[in-house]
Amino acid sequence: MIQRPLKQHEALAAINASSINTIRMISLISEEGVKIYSSILRMGISGARVDNASSGGITCGITEDGKLKKYAHKVNGQRFDKHPDSGLAFEGYEVPGYQKCLDAVPMLHAQMPRFRLVSWDFAIDPDGEPVLIEANLHYGELDFHQINNGPIFGEDTEKILKEVFNKR
């Protein structure tokens, strides 16, 4: 695939400019529709060209109103209240384009209902518009969501576990 280089929103570049920092959202589709269970911001560090936590990046939970939580985490559990390179404090920092990503996920997931659990990666362009980077259908890295946001399925955990294990 060949594509034009992507430029990110200035608010995300202010956190880390060496990588495109992306929003990852996990959604589950059921008879009741599509529900988004968790959102995190993935960020590169130390001049990295990628934001993947598995490649040394950090992740920070996003609140329902589109702001970063207090701490970001590395895969080894190390936590940061500021970006280690830019020094930007995470808590309360507004994530541009977040609401537009929330609006896009149900429409996107409805187009592929056979995949019940999907992790979506979005970049945010300079105009605040989401750009879908990929849909992770096999391994969506639930661990980073749990580190940043706690139990992913919250009050739906028991219902989901019953559904999964009663079908076997």
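The values are calculated or read from the model by the stated rules, or taken from the named source; none is laboratory data. Fair warning: this is a prediction, and the values are worked out from it, not measured in the lab. Counting neighbours? That spans all protein chains shown, and the Cβs are built from the backbone with ideal geometry, glycine included. Accessible surface is based on the protein model in full, side chains and every heavy atom, while ligands, DNA and RNA are left aside. Shrake-Rupley method; radii C 1.70, N 1.55, O 1.52, S 1.80 Å.
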> So what is the calculated 222 nm ellipticity per residue for the chain, using -39500 (n - 2.57) for each DSSP H run with n of 4 or more, over all residues, to the nearest 500 deg cm²/dmol?
Replying inline: -6000 deg cm²/dmol
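So for each of 60-71, 111-122 I average, over its residues, the number of other beta carbons within 10 Å; can you give me the resulting order with the highest mean first?
Details: 60-71: 17.9, 111-122: 15.9.
Result, highest mean first: 60-71, 111-122.
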>> What does the extension gain come out to for Asp65 and Leu161, with contour length at 0.36 nm per residue minus their alpha carbon separation?
In response: 31.8 nm
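In square angstrom, what is the accessible area per residue of the chain with a 1.4 angstrom probe? Could you put the intermediate results ahead of the total?
Working: 9560 Å² over 168 residues.
Here the per-residue accessible area is 57 Å².
Ignoring ligands, DNA and RNA, please state the percent of accessible area on region 12-124 from carbon and sulfur, probe 1.4 Å.
Details: 2550 of 5140 Å².
Solvent-exposed carbon and sulfur of region 12-124 make up 50 percent of the total.
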> Taking every eigenvalue of the Cα gyration tensor of the chain, multiplying by 5 and rooting it, what semi-axes result, largest first, whole Å?
Replying inline: 27, 18, 14
>> Strictly over 19 Å apart at the Cα level, which of Lys70/Lys159; Lys67/Lys100; Lys7/Lys67; Lys35/Lys74 would you flag in this model?
In response: Lys70/Lys159; Lys7/Lys67; Lys35/Lys74
>> Would any residue of region 43-83 have its amide N under 13 Å from a label point 7 Å out along Cα→Cβ of Ala17? List them or say none.
In response: 47
>> I'd like to compare 48-55, 152-159: which one has the highest average count of other Cβ atoms within 10 Å, and what's the full order after that?
In response: 48-55, 152-159
>> Can you give me the distance in nm between label points at Ile133 and Leu88, each placed 7 Å from the Cα along the Cα-to-Cβ direction?
In response: 1.4 nm
